[in-house]
Structures are given as C-alpha cells and as structure tokens.
Amino acid sequence: MLNARFDVNYELRNYTDDPTDGDSAFANYHHFVFLSRASSFDPVYFSAEIVDLSFFAIGVREKVSEDWSLKAEIGKILVPFGAEPLFHHNYGGLAGFDNEVIPNVWAQYGLAAQARYGYADGSVRIDAYAMQGYELGAADGVVSLRTDFSSAGDAKIAAGARLSASYGPATFYYSFLLSPLGFDRRLVAQALDATLFGIPGVPVLEDMRLSVGALRADTVGGDAPNSYEFADYLELEYRPTCWLSFRYRGGLHTVDNREGLFYDSDRKGAGDGSAHTLAAAATWEGLTFQLSHTWRLEKATELDNDFLRFTVSYDL
C-alpha cells in the first residue's frame, strides 16, 4: 500500500499583536510518502517513509487467541512514547514541525515489542522498546529531547515502555524512557496522556475531542545539579460536520528547572513560556484547507514570534 501526505504553508511570522508588521512568505512545505505491506492475513509486515527514510521497520505479529495478540519489529522505529505516532505530538502547545520538545518525527534505530489484550469495549496494550538514546556534550549540560541523540559510533542504548488502556471513547497512556547520557548521568522521561473522542448520544459533546498530556524529563546523577524539562498541552476540537472542524490547542514549556514540579521561577529564561493556537479546517476528499493563528508568550522577555498560517494539505 502506498500513501502520501503533502502540504504547503503561507505564513505571516515574527510579530506580536499586529500581523501587519510581520514577515510574509511561503515559508515551508512538507512531504511524506509511506510504503507498507501490512495485510491482516500476513504475519510479517513492513512499513517505511520512502522520501528520506524518516522511519522504516520490518515486523512480525501473531494472534495468540481471540483476545491476545503479539507484535515485534526492528529498524528505525517510531518510538512508542506519548499518545500519537509520527509528528502529531503536542507537548508545549506546539505541534508538528513547530514542536520544540521532541523530534518532528521521533524515530530511532532500535527494536520494539507489543502485547495487546482486547475486550468488548476497549483494549490494554503495552509497548516495550530499546533504541539509540541520548548523550550530553558536557557534564553540566542540559539535554534536549529534540536533538541530543548519541552518535552511531558511540550509541547510548535507551529503553522504555508505554502502557495504554482504552474504554469506549477514552484512551489513557503512560510513557517511560530511561537513557544513559555519559558523565555518570542519565535521563528519566515520563509522560501522561489522555484522549476522549466525544460522548456518544450527547448533543455537541459527541462532536468534540479532548486531548490532554504532560511530559517531564529529568537529568540526574553525576556531580552536576539535577535538572528537568516540563511540557504539557490541552487540545479541544469541535467537528460540527464531517468536513469542518475548529480547534484550540495550548501548552506550557519550561527548561533547565531545578525546583518545583513543572516550573522553577528562579531560573526563568528565554526557553520558558506557553503557546496557544486557534484553527479552523475544511476537508474535501483528502484535500484540507486550514487557517490557524498561534500566540507565543515568553515568561522572560516577550519576543515577536507569533505567527498566522494558511495550510493546504493533501492526503492520499
């Protein structure tokens, strides 16, 4: 099976409050082409993004009984951390290629295994994995979940798991990742996510989707002080018809904290702030038109970095 997604974006950027002062440009475009061999009758499957090999994996699966199924895969795997695969993570209130917390496409060389138990109204699933992990450039450095992966020649092996449970329209996730960083330090990252896909039979609410989540990544051990990064999000979508949707997404992001659960006011800096987005989208036969506005609010010095975006995307 061959699938693809293409988009082009026209943007107004680098302003606060007044978009007439912004920079106008066709700022970017993105393209993915997916190839998969995943017939339900075939125990061996393959999937890949074939433009730049963002990810690729070959796997096997086995239906043990009517309720239990097992799966294992190896390659450049999509890391099972958080509620969404590929580039749909919302931590910090920014999604896709705007996200500043984790990679746009979180895929690393490794292997993964999954066990799933299905029942009448839902399922329970556990994903376990090992992958190329993170490393620090200096003993007192702050690790970036987005970029600071270890080199292929001196790979740090990270391990993690994700537990998910669904019942009716609700799904809950707990994610965990442990990675050595060098200098006798280690990364401990955890996330909680939940998604509610409407309440059937209740007017208005049955057309809404609510997603919430939070991530905390602690850098601990060694001689340097412990520190952590925190990011959360809330996303609410209303779909009055099958082709029209309205969405709000917001979230907080803080880095290099040492005190508190999610924010250390004594270490306030340029990397601390929140993002808030309002969007409207219309879809017709795989073609989507979306208009969105994002406000970015810094806790230290306010920057001129709000942006307005018009996106045309096509999925096939």
For this session: Sort out which residues of the stretch 124-142 are surrounded by fewer than 21 Cβ atoms within 10 Å (Cβ to Cβ) and modelled with pLDDT under 95, and write them in order of number.
Result: GLY137, ALA138, ALA139, ASP140, GLY141, VAL142
Exercise. Cβ-Cβ below 7 Å, separation at least six or inter-chain, first residue in the stretch 120-145 and closer than 11 Å to LEU187 by Cβ, second polar (S, T, N, Q) and assigned to a loop (DSSP other than H, G, I, E, B): which pairs?
Worked result: GLY133/SER150; TYR134/SER150; GLU135/SER150
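For every residue, the table says whether it meets (1) part of a loop (DSSP other than H, G, I, E, B); (2) acidic (Asp, Glu); (3) crowded, with 18+ Cβ neighbours inside 10 Å; (4) modelled with pLDDT of 95 or more.
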position: ALA217; (1), (2), (3), (4): no, no, yes, yes
position: ALA224; (1), (2), (3), (4): yes, no, no, no
position: GLU229; (1), (2), (3), (4): no, yes, yes, yes
position: TYR233; (1), (2), (3), (4): no, no, yes, yes
position: LEU236; (1), (2), (3), (4): no, no, no, yes
position: GLY250; (1), (2), (3), (4): no, no, yes, yes
position: GLY269; (1), (2), (3), (4): yes, no, no, no
Exercise. Can you tell me which residue in the stretch 110-159 is farthest from GLY92 (Cα to Cα), limited to those that are of a type in the set (Ser, Thr, Tyr) and assigned to a strand (DSSP E or B)?
Worked result: TYR119
Problem set entry | In the stretch 15-35, the residues that are more than 22 Å from PHE289 (Cβ to Cβ) and surrounded by fewer than 14 Cβ atoms within 10 Å (Cβ to Cβ) | ASP17, ASP18, THR20, ASP21, ASP23
Problem set entry | Among residues of the stretch 56-104, those that are surrounded by 15 or more Cβ atoms within 10 Å (Cβ to Cβ) and among the hydroxyl-bearing types (Ser, Thr, Tyr), counted | 2
Exercise. Looking at GLU302, is it under 22 Å from the mean Cα position of the chain (by Cα) and more than 24 Å from ASP7 (Cα to Cα)?
Worked result: no
Exercise. If you go through the stretch 178-200, how many residues are part of a loop (DSSP other than H, G, I, E, B), closer than 20 Å to THR147 by Cβ and small (Gly, Ala, Ser)?
Worked result: 0
Exercise. Here are some residues: SER36, SER40, SER24. Which one is over 30 Å from LEU297 (Cβ atoms), assigned to a strand (DSSP E or B) and of a type outside the set (A, V, I, L, M, F, W, C)?
Worked result: SER36
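The values are calculated or read from the model by the stated rules, or taken from the named source; none is laboratory data. Predicted model, so just to flag it, every value in this text is computed and none were measured. Every residue, glycine as well, gets a Cβ built from its backbone with ideal geometry; the counts of neighbours run over all protein chains shown.
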